[in-house]
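Engineer: Before anything else, here's the structure in question.
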Amino acid sequence: MKKLTIGFLIIIAALYGLWQLSNARTFQVAGKLISHVQLAATDSLVALTFDDGPTPGYTDEVLHILDQYEVPATFFVTGKETETNIREARKIVRAGHQLGNHSYSHQPMILKSYDFLVNEVERTDQAIRSAGFKGEIYFRPPYCKKLFLLPWVLSRRNQVSVTWDIEPESVAGVNDSAQKMASHTVQKVKPGSIILLHVMYEAREKSRKSLPLIIEKLKQKGYQFVTVKKLIGEGTGGV
Ligand SMILES: [Zn+2]
């Protein structure tokens, strides 16, 4: 009986460990993962990143805000939405922003076959190329979910995973207002930070409203916005 209990506890601990690993923002088992870039304290560069989309409803609005403040950003788009809304994807590229791969169908990329994962990554890369984006394509896993196979697929393709270190939408007590999300971001940000926002769907009005506030407040503090590619290029290690 005792042995059974111990065995059961070991299995629970192992499952918990795997679950933690699958969600880790700063670690994966293979390939390169970047959640922020190591910069000198005086090197006040940050990257704004947007997940999901592009959508016809909100791409223009977001591009307009970025254009107003002359701020470049990085959009992690899904292959499916990029194919469907290729005009919006092209607008993002034409405006000088970076596109990244956020999978094709936006499912958690765990417990999937090798072929499924390769297809998700490749189809989305193709959609991003059809939108006219020419640079290196980074990958951001949906829900930050990955275990063994996805990192391996990406490392074989030499594709870098990019997560984030600032995520105001997920902080309880902060995510109920645009103002609080902006203040939280300013409090937590440091040189080399990668900020995550979702701005492409109707329910994300607060995030869209927080965007100009975040930009203004960070500019006031002397921060300069760059794409993730540029941020990584400025880092001490580079890619
Ligand atoms: Zn997403």
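Engineer: Assuming R0 = 45 Å, can you tell me the calculated FRET efficiency for the pair Gln220 and Ile86, based on Cβ-Cβ distance, to the nearest 0.05?
Structural biologist: Plugging the Cβ-Cβ distance into 1/(1 + (r/R0)^6) gives 0.75.
Engineer: Given H placed on each backbone N at 1.01 Å, which residues far from Ser35 in sequence or on other chains put an amide H within less than 5 Å of it?
Structural biologist: Excluding prolines and chain starts, which carry no amide H, the hits are Thr163.
Engineer: Principal axes first, then extents: for the Cα atoms of segment 24-234, list largest minus smallest coordinate on each axis, whole Å, largest first.
Structural biologist: 47, 35, 32
Engineer: Using the Karplus curve 6.51 cos²θ - 1.76 cosθ + 1.60 with θ = phi - 60°, work out ³J(HN,Hα) for each residue of segment 156-162 in order, rounded to whole Hz, and write x for Gly and Pro.
Structural biologist: 5, 8, 6, 9, 7, 8, 10
Engineer: Spelling out what I want: for every residue of segment 33-50, take phi, set θ = phi - 60°, compute 6.51 cos²θ - 1.76 cosθ + 1.60 (Karplus), and round to whole Hz; glycine and proline get x.
Structural biologist: 10, 10, 9, 6, 10, 6, 10, 5, 4, 8, 8, 7, 10, 9, 10, 8, 10, 10
Engineer: Between Gly96, Ala172, Ala131, whose Cα lies farthest towards the positive end of the dipole of the chain when Lys and Arg beta carbons carry +1 and Asp and Glu beta carbons carry -1, centred on the Cα centre?
Structural biologist: Positive-end residue among those listed: Ala172.
Engineer: Related question: How compact and how long is segment 6-132, expressed as Rg and Dmax of its alpha-carbon atoms in Å?
Structural biologist: 18.2, 61
Engineer: Let me ask something else about it. Please get the size of the charge dipole for segment 24-234, origin at its Cα centre, with Cβ charges of +1 on Lys and Arg and -1 on Asp and Glu, quoted in debye to the nearest 20. Please list the in-between numbers first.
Structural biologist: Numbers: 28 positive and 23 negative charges, 75 e Å.
So the dipole magnitude of segment 24-234 works out to roughly 360 debye.
Engineer: Once phi is turned into ³J(HN,Hα) by the Karplus curve 6.51 cos²θ - 1.76 cosθ + 1.60 with θ = phi - 60°, what whole-Hz value does each residue of segment 124-140 show in order, with x for glycine and proline?
Structural biologist: Values per residue, Gly and Pro as x: 6, 4, 4, 4, 5, 5, 5, 7, x, 7, 10, x, 5, 9, 7, 10, 10 Hz.
Engineer: Per the helix-only calculation at 222 nm, which mean residue ellipticity applies to the chain, given -39500 (n - 2.57) for every DSSP H run of n ≥ 4 and division by its residues, nearest 500 deg cm²/dmol?
Structural biologist: So the calculated ellipticity at 222 nm is -14000 deg cm²/dmol.
Engineer: Calculate the spin-label point distance for Ser130 paired with Ile6, positioning each point 7 Å from the Cα along the beta-carbon direction, and give it in nanometres.
Structural biologist: Placing both labels 7 Å along Cα→Cβ, they lie 5.8 nm apart.
Engineer: Determine the relative contact order of segment 43-174: mean sequence separation of Cα pairs under 8 Å and six or more apart, normalised by residue count, in whole percent.
Structural biologist: 22 percent
Engineer: Sticking with this one: Could you work out the relative contact order of the chain, using alpha carbon pairs under 8 angstrom and six or more residues apart, expressed as a whole percent? Present the calculation step by step, with values, prior to reporting the outcome.
Structural biologist: Working: 447 pairs, mean separation 74.4, N = 239.
Reported relative contact order: 31 percent.
Only the coordinates and a few stated rules stand behind these numbers; no lab work does. No experiment lies behind these values; they were computed from the predicted model shown. Cβ coordinates were reconstructed from backbone atoms using ideal geometry, including for glycine residues, and neighbour counts include every protein chain displayed.
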